[in-house]
Ligand SMILES: CC(C)(COP(=O)(O)OP(=O)(O)OC[C@H]1O[C@@H](n2cnc3c(N)ncnc32)[C@H](O)[C@@H]1OP(=O)(O)O)[C@@H](O)C(=O)NCCC(=O)NCCS
C-alpha cells in the first residue's frame, strides 16, 4: 500500500459487519472500552439514515472503515475511524479524514472524539488539524474520558 493509492470507498457488503465488528473489538480503543464484536457489528448494520458507514479498499481488500454522522453540529462528526493493522502508516487514515472534510465542505466544522488513553490516535488527529476542545468524562465507558475534537474548515 502506498499513500498515492486512490481512495476507494464502498458500503459494507452483506455479512461483512460481523468480520469488521470483530476486527474493531480486537483493537484499541474499542477493546479497552469494552465493546463486543456483536455490539459493533450491530452498530455497523443498524438502520440509521444519518450515519454513513463506508469501507476503504486497498488492493481489493477491506483496509479501513469510516462512519460519518451528518448532520451533527454545524458540520458532520466522524464516529468511527479505523485502519486495519497491516494497512497503517501509509496515509489511509489521513485520506479518510480528508474525504470526510470534503463531505463537510461549506459547513464550517468537522468533529470527532478520541479516548484520552489513545495516545497514538491523539497524535494522528493533531496532525490532521483537529484541536482537542472539551473533555467528556465517562461518556462511553465509566472511568474513561473521551475528548471532543474539532477541525474548523
Ligand atoms: C489512528 C489511525 C486511524 C491512523 O491511520 P493511519 O492510516 O495509520 O495514519 P496515516 O498513515 O494516514 O498517518 C497520518 C499522519 O498521522 C501520523 N500518525 C499516524 N499514526 C500515528 C501514531 N501512532 N503516532 C503518531 N503519529 C501518527 C502519521 O505520522 C502521519 O503524519 P504526517 O502527516 O506527518 O505524515 C490508525 O492507527 C487506527 O486505525 N488506529 C486504531 C483505531 C483508532 O485509534 N482510531 C481512532 C479512534 S478516535
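Please note which helices (runs of 4 or more DSSP H) are completely contained in segment 1-69 and include at least 3 residues that are within 13 Å of the ligand (Cβ to nearest atom). Reasoning before the result, please.
Values: elements: 16-25, 30-33, 37-45.
Passing ranges, in order: 16-25, 30-33.
Among the residues of segment 108-153, count how many are closer than 16 Å to residue 32 by Cα and part of a helix (DSSP H, G or I). Can you show your working first?
Taking segment 108-153 and keeping what is closer than 16 Å to residue 32 by Cα, we get 113-122, 137-147.
Among the residues that remain, those that are also part of a helix (DSSP H, G or I) are: 119-122.
Final tally of qualifying residues: 4.
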- Query: Within segment 84-123, can you find the residues that are touching a residue at least 24 places away in the same chain (Cβ under 8 Å), farther than 24 Å from residue 134 by Cβ and near the ligand (Cβ under 9 Å from one of its atoms)?
  - Reply: 84, 85, 87, 90, 91, 92, 95
- The lone condition residue 77 fails out of (1) surrounded by fewer than 19 Cβ atoms within 10 Å (Cβ to Cβ); (2) at pLDDT 95 or above; (3) within 25 Å of residue 8 (Cβ to Cβ) is (1)
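Touching a helix residue (DSSP H, G or I) at 6+ places or on another chain (Cβ under 9 Å), surrounded by fewer than 17 Cβ atoms within 10 Å (Cβ to Cβ) and more than 27 Å from residue 143 (Cβ to Cβ): is that true of residue 52 in this structure? First the steps, then the outcome.
Working: touching a helix residue (DSSP H, G or I) at 6+ places or on another chain (Cβ under 9 Å): yes; surrounded by fewer than 17 Cβ atoms within 10 Å (Cβ to Cβ): no; more than 27 Å from residue 143 (Cβ to Cβ): yes.
Here the answer is no, as residue 52 does not meet what is asked.
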- Task: Please work out which residue is farthest from the chain's Cα centre (by Cα), limiting yourself to segment 124-153 and to residues that are on the phi > 0 side of the Ramachandran plot and more than 11 Å from the ligand (Cβ to nearest atom).
- Result: 143
- Task: Quick one: residue 9 ticks every box in (1) surrounded by fewer than 17 Cβ atoms within 10 Å (Cβ to Cβ); (2) touching a helix residue (DSSP H, G or I) at 6+ places or on another chain (Cβ under 8 Å); (3) closer than 27 Å to residue 141 by Cβ except a single one, so which number is it?
- Result: (3)
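The values are calculated or read from the model by the stated rules, or taken from the named source; none is laboratory data. In this text the structure is predicted, and so the values were computed from the model without any measurement. As a convention, Cβ positions derive from the backbone with ideal geometry for all residues, glycine included, and neighbour counts pool all protein chains shown.
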